[in-house]
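This report refers to the structure that appears directly beneath it.
The values are calculated or read from the model by the stated rules, or taken from the named source; none is laboratory data. Everything numeric here is computed off the predicted structure, so don't read it as measured data. Because the Cβ atoms are built from the backbone with ideal geometry, glycine has one as well, and the counts that use them run over all protein chains shown. For the accessible areas, the whole protein counts, side chains as well, though only heavy atoms, and no ligand, DNA or RNA atoms are used. Shrake-Rupley method; radii C 1.70, N 1.55, O 1.52, S 1.80 Å.
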Amino acid sequence: GEFFAIDNRCPHHGIDLAGGHLDGKIVTCPGHGWEFDLETGESPILPVSVRKYNIKIKDENLLLDV
């Protein structure tokens, strides 16, 4: 029952992260292997990050705070 939302574009070359590999809470960019934590948006290795969005649940709907 956990939900996370981050930008879908890798900051390296703008490749869609949705096409990457997911291992636990770490998504790996399919282009060059950059990794991002879904919980924080930060890379566990590199000094880069993607935007993380806060999520609210209302009446069984997920709402992103953008």
If you scan segment 25-53, which residues turn out to be free of Cβ contacts under 8 Å to residues at least 40 places away in the same chain, of a type outside the set (D, E, K, R) and crowded, with 17+ Cβ neighbours inside 10 Å? V27, C29, W34, F36, L38, G41, S43
Give the residues of segment 47-66 that are at pLDDT below 95, assigned to a loop (DSSP other than H, G, I, E, B) and not acidic (D, E), sorted by residue number. V66
In this structure, does K56 turn out to be basic (K, R) and surrounded by fewer than 11 Cβ atoms within 10 Å (Cβ to Cβ)? yes
Within segment 2-19, of all residues that are touching a Leu at 6+ places or on another chain (Cβ under 8 Å) and part of a loop (DSSP other than H, G, I, E, B), the one most open to solvent (accessible area, probe 1.4 Å) is F3
L22 modelled with pLDDT of 95 or more, surrounded by 14 or more Cβ atoms within 10 Å (Cβ to Cβ) and not β-branched (V, I, T): no
